[in-house]
Structure formats: C-alpha cells, structure tokens
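Q: Okay, here's the structure, questions in a sec.
The values are calculated or read from the model by the stated rules, or taken from the named source; none is laboratory data. Quick caveat: nothing in here was measured; it's all calculated off a predicted structure. Backbone-built Cβ (ideal geometry, glycine too); neighbour counts: all protein chains shown. Note: areas computed on protein heavy atoms with side chains; ligands, DNA, RNA excluded. Shrake-Rupley method; radii C 1.70, N 1.55, O 1.52, S 1.80 Å.
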Amino acid sequence: MHTTSLKPSFWNAALLHWAGCTFLICNLLVCHGAATAPAPKTSGSTNENRIVLPINQFLTPAGIQADLPGLRPQVIRLSPDGAILVTSGKSHELIVVDPVSGHVLQRVTLPGETAPEAAPVSTHILEPDKEGQVSYTGLIFSPDGTRIYLSNVNGSIKVFSVDPNHHVSPIGSLPLPVSGLKSREADIPAGLAISPDARRLYVALNLSNRLLEMELPSGKPLRLVEVGFAPYEVVLAKTNIYVSNWGGRIPDANASTGPAGKGTLVRVDPVRFIASEGSVSVIDLASGLVTKEILTGLHASAMALTPNGRYLAVANAASDTVSVIETRLDQIVETIPLRWHPTDPFGASPNAFVFDPRGTTLYVCNGSQNAIAVVRFKPGRSKLTGLIPTGWYPGAIEYDALRKSLCVANIKGVGSGIPPKPGKPVKYNSHQYHGSLSIIRRPNSVTLARYSQTVLANYQHARLKEASLRPRANQPSRPIPERVGEPSVFKHVVYIIKENRTYDQVLGDMPEGNGDASLCIFGEKFTPNQHKLAREFVLLDNTYCSGILSADGHQWSDSAFATDYMEKSFAGFPRSYPDGMGDDEVDALAYSPAGFIWDNVLAHGKTIRDYGEFTIGETRWNDPKHKKSITFTDYYRDFIDQTGLISISSRPAIASLAPHIVTNTIGWDLDVPDVFRAAQFIKDLKQCERTGKLPDFLLVCLPNDHTSGTRAGAPVPGAQVADNDLALGQIVEALSRSVFWKDTCIFVIEDDPQDGWDHVSGYRTTAYVISPYTRRHAVIHENYNQTSLIRSMELILGLPPMNQMDATATPMSACFTDQPDFAAYQSLPANVPLDQLNPSPKQVSDRLQRRLAEASAKLDLREPDRCSEDTLNRILWHAQKGSLATYPQWAITDKD
C-alpha cells in the first residue's frame, strides 16, 4: 500500500497513489458538460482541488494519508513506546501501521474464540474468526505494550501479543457474560480500560448496561456493575472508574421512553421521541458501587483524563459540546462548545479526542465537519482555537508525543470506489468502503489559522449565515424562495422515497444524460414512467444519496443527518438496524437530535400525512380460518379483484407520527404491490379533494424497486421494478389531475443506492422533481443530494434548516422556471405483467439461474438489507441480462 503526503502539487495534479498505481482522486467522477463550461461538481471529483462529498462538503485532508480500502476504521491506538499504530473497523482484521510513513506493516486476522492460554504454540494455525469485528469502540494496549485487547462485537475480547520486534500475533479470545436480555444473547463490548499492573480489564457492556471487571490473563469475571444506558467508554482514575453512557440514566417509571434495539428502552423527549440524555457513571474502585450519575450533553461517548488526572473531558456528540468534570468533586465545571460560531446549527459531532502531554490542548474529532477541533484547555476559560482538515468523518485519534503529531482514523475516508489498475476502469458500489488514516504534524498558530479557513470552506460555513438570513418584504412568489419565510408558488410538497437503485441501473440507457447503458438492467422497458418523467420534466444525472444503505439512508432522507451512533454501528448494527420499518428497526439513539423533517414541519404549524415511511406494517387474513402465510399472489389478487380478504395496516415506528399516518397502507413488505400503496394514496387524495384540504407535506414510501430477487413465488425482478414504476406514475398522474396540482411539487429519490453499481459514483442515484413549475425537457447537471431535496422542501414550506447539512445544501432552483405548464401527466402502463412470478428452482433448467434461485430462497427479505447485497446484485444482473451476460465484476469488487 502506498501513502501520499498531500502537498499542494498533489492537489493541483489531482492524483492519488494506491497499490502502486496512479489514479484520479475524482474516483467518483466522470465530468459532464460542454468543454467551454466549468465542470459540474460531481461527488468524488477534485473541483477546486478538493474531493467533493455527497453531503455538500469537500475534503482536503492535511498531512499524510494512509488509504485503507475495504475498511471503515473507527478505533486507533499508538503503542506505549510509539513504535506502531493499530486500527480496526468493518473487517475481520487488526491493521498494524507505521506511525511515521503510514505504511501498513501487518494485517492480522482476528483470533477465534479459543482462550489465550489454550492457544497453540504455533500461532499461525490458530483458527481465525471470520465473523468478528470491532464493536463501536474498544482497542487498548497493555501498559507494557506486549498485549492488545479489542472489543469484538459478537461478545468477546480479542487478544493479541506484541513481540520485542513489534510483530503482532493473534492469541485467543476472552468470553464475556451473556447480556441476559434474551436466552444466550451476546453482549456488546465497547470501551476498554486496563489497570496499571495489567491484572484487571474493565469492559463497558453496551447492551446490558453494565461494567465488567475481568481478571487478566485468565479472563475470569470478577465484578459486574450496573451503569447508565448504552455505556460507551471506560476511564480508570486513581480511586474511581468513569463510564460514559450514550443514552444517559436508566429510565425510571416516570420517564418518557422509546425503543433502542433488542427490546430495550431509553429516555426520550416526549414530543419527538428522540434520545434525550447522556451521562457519566462514577464507580468507586474499591467497593464497586456507583457513587454518582453525572448528566452531560447528548450522546456522551469518548472520555479522556488530563495527564494530572484532575479533569475528565466527555464528548457529547449529539450536543456539539465537551463536558469537563472536576474529578475531586465529580462535578461538571465547564461545557466547551465545539461549533465555530455560537449561532451555528447542530452538526459538529465531537465523538473522540486526546490531550497533548501537557494537558493544555485538547484535540477533538468533529466527525460531521471532517476536522480536528483544537481546544486551548483552561477549565473555565477553554476555547476553540482552530480546525485541522482530515478525511471523511474522523472517529478516533491518538497523540504521538515522540513526533508531535496526530494520528486520526477517518471512518469514511474518501467514500466509496475502487481505484483502477492499469487499463482497468474505476469500480463503484456503495459498499466499497474506503477509510483512511491521517498523520498530521501538530500545527503552529500560523498553519492552524490557514487550516481553519480550509475547514470552514470545506463544510461551507458561510452558507450557514446565508441560511439564517431574515425574509425580505415584497418578494415575488418563487418555486423555491431564496430565504426561509419568503413566498413560494407551492403550498404542498409530496416527498416519495423509493429503495436501493443507482442512476445507471435505471436511467443509464438515456443518451441525454451521463449514463452507462451497459450497466442498465431496469431500463425503459421496465421503467417507462421514470423515463417519461425524466424527459417531460428534468433529467437529474448528478444527484446522490448521502448514505449507503437503508439504516443511514433513511436517516439522511428524513433528517439530513447521520449521528455518531449511526456511523459507529456498521459492525453489523448490533443493537438495531434503525431504518424504522420494523419492530427491531426503531432506535431512538440513532436519530438526529435536531429531529426529522416531520418534526420540523409540525414545529412550524404545518400539516403532514405519512403513507408508510417510518411505519410498521401489519397484515392478516380477515377470516381467521385462513392459516396459510399470505403470499404476493394473495395480496395482488385481493387488490386487483377487490375481494377484501386481507387486512393491511400500519402503526407508527415513532410515536410522534401517530396522529399523522395513514393506517390503511403499508411501508416495508415486498409482497404487497406498490400499486396497492398508490391506490391508497389516490383514494386519500380524492377525499382531500372533496374536503378541499390537502396537508402541506405528504410523505410516501414506495419500496418495491428493491425487488425480491428470484425467490420462488415472488414477482420476477423486472415485474417488481415495473410495479414500483407504475405506482409512481399513477401517483404523479393523480396529483397532476387534482385541484391541488397548480400549487404542488413532488420530489422523488431513493433512500440509498446500495443494491447496484454505477460508473460515476457508488452514491449516484435517480431523483425526480415534478410540478407545473418544473422546467420541461431539461437535463440538469447541477450537483444535488438528499439534503438538497430536504433544503428545497424546507424553503418551499417556510421551514428553517434542521442542522448544518441541510443548511449548507444547494436548493434545487435550477430545476424550476417562473412560467408554469399546468398540463397533466399521463402515466404509462407497465410493459411486463406485474404478477409474473419466479418459478421454483427445480423448474429452472439453466444451471446458473437455478443456483441463483436457490440463493434467492435463502435471502432474508422480511426486513430491509438483511440479505447479502453482493448475492442479490448477481441475482438481479443475470435475471435481467441472462446467464451468458458477463457480470460487471469491474464495477463491483477489486477482483478481476
């Protein structure tokens, strides 16, 4: 692996070296536009010598960048002698790095569940753990540097040895007590601390809300102490143990509560039902008793003691602050704000930090700003003095005292994409993680001032002030007002969220846009309405999802933000998969403290109606004598024939939505056709026409373009996508023929782009803007993403932005004209039967297709994203292209 010092000449050349090859760092880019016009900002490009992210931000990381393709590094530790760095993330390895050059020295596979003392002498034959990976956090060296301990998300502590030459070897695992929540439910270890004599290891048990004291080297449990909710980090002081709790105190009988995964309940605010506390549990080391619970800001996570032990700093990631606790009194003596300006909206996400050796400077990972915040630490007078640019979402940091440098783990690094080998094209899929480490020399005051301006420009801080400008009087009505509170031609916004498609998969066959027809599997035959909408209104070929899968995708779609908890949950989402579509997919810890778009709507006196988003579906036979499971055919025939044999309903996933959901439709259930969802919407629309009242904001879930693969009895993939396409066309037609059309705007986007590939970016997706004021027959190359849609809808409805992401987003003004065209849209019928079903594998003669049908039968499609994405992609490709079509391996993986 080759690392590169990011000097100005590097950025001017826009080159990055990886695996001995040189490639454009615009690894998500194929520039589009006339040769004489400026190239549009495209995610991954180096416009203005900066990497463009799909969240309105740019990257120009300082120092040396060590690329870690395939990894989301979220822990980092420097050995006590400063000789090696170790990191880990979404992989089954511990990565050993040279702290000077950033070169990877070793990739050490996690050991299996063998106890260290039972490990064989020849460690190379030790059984590896192919399922384990680091938890939210938890990586530590023993004081003498001869052992490394790592929190394995699957309920153990992985142990490694370090020899005098700093060679790391796996030696076994220490088992943890079960959580006690369910039978044999594994606990989730998080933060670790070790005693100075290396005879005790302290483990935060995130699921069971306990601290474990463990004997070393045996791993024998010694004490279990009840702490706060979702403990994250552990710090060992002279007489106390401190444990930070993501969710604050354990709820009592009088607390408002909400679900937080695995059947647990966390304290929430009673209006929006979002996690509302953070805390630190103080434990007397001698007695093992909790002596105090200190309330901090939201999402209390990382902690660090000053070198003299007098002060404990606590990162409040969801409050953008650091709490400073005086350890003699165990009281908060200062709260340090981490936003650049006091009036800035939420969005710094301080989630990790480290003190310098003197304890006078605190270096804080501001994850959402891709920066290290430099704080002059003087309790009572501490001050944010500057910002240092890093890679995408710094999530762990160490201070290298020998070299006076910072070592930073950037969880998202540069995003997704695989650099090409000579003669090979770039490869893009959203699961091609590409994290990085930044090794940055401690800046002097002059350099820090320059770095600060770079960071502010990179996250477009100037736009925050623009977003807060007061409305002007006597402004004309515009499709998208320039300032919040100025008039719009629209009164109603319809927001439709679909599932898991990239631009090339659907619109890659449109010659008008920047598509790759060879990657298009659901072209015009299967999506005639989406093609017609793109042609009759605007074709958006430079629009991106901000997340990569449904868990973070629905957070970005609905709140324009992903929290620290969300970004650190990719180790299999151990507590929950928080996309809000099932009982196990509701997690108040995952939600932005600034709220969802519906919270914003309701807080400003607007009305809302929700058709399936963040709802939990319930279906049953109306006749209790029916015992068989309900299939797609049952749902489809019941809908087409209007027999009324099946009851379909929804309940809210978040209590704040309860008064606003339409209960006779459904969100996630791929066996229920999308045309049913469209029919329920249209039925409700007609009722609104009768009353003359349509809500200001309507939110619609249309998930079936996800498809069910080639699972027997389910619709063939093309039919399911055609069903989704027809439903969208029917909704648009009904709105365009309604009395509300003249002042209604429709926005459509996928929640994420993960089940596919794209030649431009793993994040690029399809999006549609439809209204009488939408430009007709136009191609828009402007860079937009999910936050652009949110920002545009907020401006139309007169809502302020919720956080720094939507506040800095580009409104989609280029999509509109001042001259309306009120012509109604005529939907196109499906070109394929919607009830064309996949046969059983035994009926498939083609060997490959039979094997893929058998694989489809094993896919878990009851909930979003439970199945193997790569398997589903292969199934979809060959189902649409045939067995002889060469799978686009070049677009998917790093294998040739």
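Q: Pull up the cross-link candidates among the aspartates and glutamates for LYS465, meaning alpha carbon to alpha carbon under 14 Å and not fewer than 8 places away within one chain.
A: Counting by Cα, and skipping residues close in sequence, LYS465 has these aspartates and glutamates nearby: ASP344, GLU482, ASP806.
Q: Further question: Take the residue pairs LYS182/LYS628; LYS625/LYS881; LYS90/LYS628; LYS525/LYS627; LYS525/LYS606 and return only those whose Cα atoms are more than 31 Å apart. It would help to have the intermediate numbers written out before the result.
A: Numbers: LYS182/LYS628 29 Å; LYS625/LYS881 43 Å; LYS90/LYS628 40 Å; LYS525/LYS627 38 Å; LYS525/LYS606 40 Å.
Too far apart for the 31 Å limit: LYS625/LYS881; LYS90/LYS628; LYS525/LYS627; LYS525/LYS606.
Q: Give the percent of DSSP beta bridges with both residues in the chain that are antiparallel, rounded to the nearest 5. List each step's numbers first, then the result.
A: Working: 142 of 165 bridges.
The antiparallel proportion sits near 85 percent.
Q: Of LYS498/LYS693; LYS158/LYS498; LYS383/LYS404; LYS683/LYS858, which sit over 30 Å apart, Cα to Cα? Present the calculation step by step, with values, prior to reporting the outcome.
A: Numbers: LYS498/LYS693 26 Å; LYS158/LYS498 40 Å; LYS383/LYS404 21 Å; LYS683/LYS858 36 Å.
The answer is LYS158/LYS498; LYS683/LYS858.
Q: Not counting ligands, DNA or RNA, and with a 1.4 Å probe, what is VAL844's accessible surface area in Å² rounded to the nearest 10?
A: 30 Å²
Q: Give me the accessible area per residue for the range 439-540, probe 1.4 Å, as a whole number in Å². Kindly include the intermediate steps, with their values, before the conclusion.
A: Values: 4070 Å² over 102 residues.
Value for the range 439-540: 40 Å² per residue.
Q: Counting each DSSP H run of 4 or more residues in the chain as -39500 (n - 2.57), what helix-only mean residue ellipticity at 222 nm follows after dividing by all residues, to the nearest 500 deg cm²/dmol? Please list the in-between numbers first.
A: Working: 16 runs with 153 residues, N = 896.
That calculation yields -5000 deg cm²/dmol at 222 nm.
Q: So how far apart, in nm, are the two label points at ASN254 and VAL178 if each is 7 Å from Cα heading toward Cβ?
A: So the label points at ASN254 and VAL178 sit 3.6 nm apart.
Q: I would also like to ask the following. Can you give the local net charge around SER88? Use residues other than it whose beta-carbon is closer than 11 angstrom to its beta-carbon, Lys and Arg +1, Asp and Glu -1. Mind showing how you got there, number by number?
A: Working: positive: ARG72, ARG77, LYS90, ARG107, LYS158; negative: GLU93.
Once positives and negatives cancel, what remains is +4.
Q: Estimate the FRET efficiency between THR239 and VAL739 by the formula 1/(1 + (r/R0)^6), using the beta-carbon distance for r and 56 Å for R0, to the nearest 0.05.
A: Numbers: r = 72 Å, r/R0 = 1.29.
For R0 = 56 Å, the calculated efficiency reads 0.20.
Q: How much accessible area does HIS103 have with a 1.4 Å probe, in Å² rounded to the nearest 10?
A: 70 Å²
Q: What aspartates and glutamates sit close enough to LYS220 to cross-link, taking a C-alpha to C-alpha distance under 14 Å and skipping anything fewer than 8 places away on the same chain?
A: Counting by Cα, and skipping residues close in sequence, LYS220 has these aspartates and glutamates nearby: GLU117.
Q: Please give the net charge around VAL374, taking every other residue with its beta carbon less than 12 angstrom from that of VAL374, where Lys and Arg add +1 and Asp and Glu add -1.
A: Details: positive: ARG376, LYS383, ARG442; negative: ASP356.
Taking every Cβ under 12 Å from that of VAL374, the sum is +2.
Q: Next up: At a Förster distance of 25 Å, what's the computed FRET efficiency of LEU469 paired with HIS604, Cβ-Cβ distance as r, to 0.05? Numbers along the way, then the final one.
A: Values: r = 17 Å, r/R0 = 0.68.
Efficiency at R0 = 25 Å is approximately 0.90.
Q: Using the basic label-point model (7 angstrom from Cα toward the beta carbon), what is the LEU884 to VAL271 distance in nanometres?
A: 6.4 nm
Q: Say R0 is 60 Å: what FRET efficiency, to the nearest 0.05, do ALA823 and ALA401 get from their beta-carbon distance? Write out the running numbers ahead of the final one.
A: Working: r = 70 Å, r/R0 = 1.16.
After rounding, the FRET efficiency stands at 0.30.
Q: Compute the long axis of helix 786-797 from its Cα atoms, compare it with the longest principal axis of the Cα atoms of the chain, and write down the angle in degrees, 0 to 90, nearest 10.
A: 60 degrees
Q: Here is a further query. What distance in nm lies between label points placed 7 Å from Cα along the C-beta direction at GLN331 and ASP583?
A: 4.7 nm
Q: Please tell me the relative contact order of the range 279-419 in percent, rounded to the nearest whole number, where contacts are Cα pairs under 8 Å and at least six residues apart.
A: Details: 348 pairs, mean separation 19.9, N = 141.
Value for the range 279-419: 14 percent.
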